[in-house]
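Read-outs throughout are calculated quantities, based only on the coordinates presented, and are distinct from any laboratory measurement. Since the structure is predicted, the reported quantities are computational estimates derived from the model, not experimental observations. Backbone-built Cβ (ideal geometry, glycine too); neighbour counts: all protein chains shown.
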Amino acid sequence: MARQQKTIITCAITGAIHTPTMSDALPYTADDITSQAVAAAEAGASILHLHARRPEDGGVSVDVDHFAAFLPRIKQATDAVVNISTGGSLTLSIADRVKPATTFSPEMCSLNMGSMNFSFHPLAKRYDDWKFDWEKDYVASSEGNIFRNTFRDIREAAETLAPHNIKFEHECYDVGHLYNLKFCMEAGLFKAPVFIQFIFGILGGIGPEVDNLIFMKRTADRLFGNDYRWSVLGAGGAQMPLATTASQMGGNVRVGLEDSLLIARGKLARSNAEQVAKIRRIIEDLGSEVATPDEAREILDLKGGDKVAF
């Protein structure tokens with residue numbers, strides 16, 4: 001692929017891995033998710049990747065009422081593209097996980113391209129005291145969980161959301177997920193240009209080495225040619241180094257407290273916007289430009305913010 005002129009920054013605001021004990025900056029009330037999302041957009045994020053949380057204790061939620069508490073407010077305050085997760089829970093069915101997307105019909109949704117041993121249980125050993133009772137067991141028990149997205153699940157998500165004209169952020173945690181996506185495209189489930197999020201550093205997936213980024217990119221080039229756009233998500237301390245590398249390879253980037261709680265080695269970020277501002281500064285200092293929301297819509301062939309249901 002030719003080098004892209006503008007770099008899209010996605011910001012993943014809260015996610016389903018980190019818990020309130022791990023960082024005071026992690027938003028989980030509607031007010032905090034809204035304010036941090038808007039600030040991230042103002043800092044340069046053209047796409048906001050959103051999960052919901054239980055406002056009383058920060059637990060993971062796919063309740064449409066929890067999404068409804070912040071989605072319209074974010075839309076009113078910013079022109080950023082809204083991307084709703086279809087992950088959200090390691091234990092719920094795909095029918096439950098796509099319900100927020102079918103309810104609100106966003107421009108984009110995430111979609112894991114395969115099942116995996118998605119785990120973050122080592123984090124349970126880092127904390128002695130927890131803010132809420134659910135947190136420790138939730139983190140520790142991920143050792144025994146499988147994040148399920150079978151081919152049937154992927155087809156169900158694609159067919160259920162097809163009438164909404166939603167562009168997927170195809171989350172690929174390992175090279176096999178790229179081949180899964182190729183199979184699904186050949187089956188007619190997804191139309192080009194697809195948007196692939198290469199994900200590195202999640203336990204159960206491919207590691208966060210630059211060699212792996214190059215390998216994933218070469219594989220995607222071979223499988224998809226010019227029919228894809230791509231971005232990189234590095235978990236934890238790999239966030240900024242891999243995002244920087246991706247931006248110089250012609251790719252797009254994803255940051256946010258869902259993926260890393262850090263702003264530098266051993267230092268917690270104060271907000272999502274702080275991470276966005278940092279990667280934007282790096283991208284621009286190295287001679288690239290950051291895409292606006294409308295430019296991101298054009299690059300990814302999105303339906304437009306006037307066609308959502310919130």
For the range 255-267, enumerate the residues that are out of contact with any helix residue (DSSP H, G or I) (no Cβ under 7 Å at 6 or more places or on another chain) and in a strand (DSSP E or B). ALA264, LYS267
Do any helices (runs of 4 or more DSSP H) entirely within the range 29-100 hold 3 or more residues that are of a type in the set (S, T, N, Q), and if so, which? 30-43
Name the residue that is nearest to VAL82 (Cα to Cα), counting only residues in the range 275-310 that are among the small types (Gly, Ala, Ser) and surrounded by 13 or more Cβ atoms within 10 Å (Cβ to Cβ). GLY305
Taking the condition of a type outside the set (A, V, I, L, M) and buried (at least 16 other Cβ atoms within 10 Å of the Cβ), does LYS136 pass? yes
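Within the range 283-295, track down each residue that is out of contact with any helix residue (DSSP H, G or I) (no Cβ under 7 Å at 6 or more places or on another chain), assigned to a helix (DSSP H, G or I) and farther than 18 Å from ALA77 by Cα.
At the first step, the residues of the range 283-295 found to be out of contact with any helix residue (DSSP H, G or I) (no Cβ under 7 Å at 6 or more places or on another chain) are 284-285, 287, 289, 292-295.
Still in the list and also assigned to a helix (DSSP H, G or I): 284-285, 293-295.
Matches in the range 283-295: GLU284, ASP285, GLU295.
Yes/no per residue for (1) assigned to a strand (DSSP E or B); (2) farther than 20 Å from GLY256 by Cα; (3) in contact with a helix residue (DSSP H, G or I) (Cβ under 9 Å, 6 or more places away or on another chain):
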residue	(1), (2), (3)
LYS182	no, yes, yes
MET185	no, yes, yes
LEU189	no, yes, yes
GLN197	yes, no, no
ASP211	no, yes, no
Among the residues that make up the range 222-241, is at least one of them in contact (Cβ under 8 Å) with a residue 60 or more places away in the chain, surrounded by fewer than 19 Cβ atoms within 10 Å (Cβ to Cβ) and in a strand (DSSP E or B)? no
Taking the range 130-148 on its own, how many of its residues are out of contact with any helix residue (DSSP H, G or I) (no Cβ under 8 Å at 6 or more places or on another chain) and closer than 13 Å to HIS18 by Cβ? 1
Count of residues meeting criterion [part of a helix (DSSP H, G or I) and more than 19 Å from the chain's Cα centre (by Cα)] in the range 296-310: 3
Looking for something on the phi < 0 side of the Ramachandran plot, in contact (Cβ under 8 Å) with a residue 40 or more places away in the chain, more than 18 Å from the chain's Cα centre (by Cα) and in a helix (DSSP H, G or I) - is there at least one such residue anywhere in the range 268-282? yes
ASP137 - would you say it is more than 19 Å from HIS49 (Cα to Cα), free of Cβ contacts under 8 Å to residues at least 60 places away in the same chain, of a type outside the set (Gly, Ala, Ser) and in a helix (DSSP H, G or I)? yes
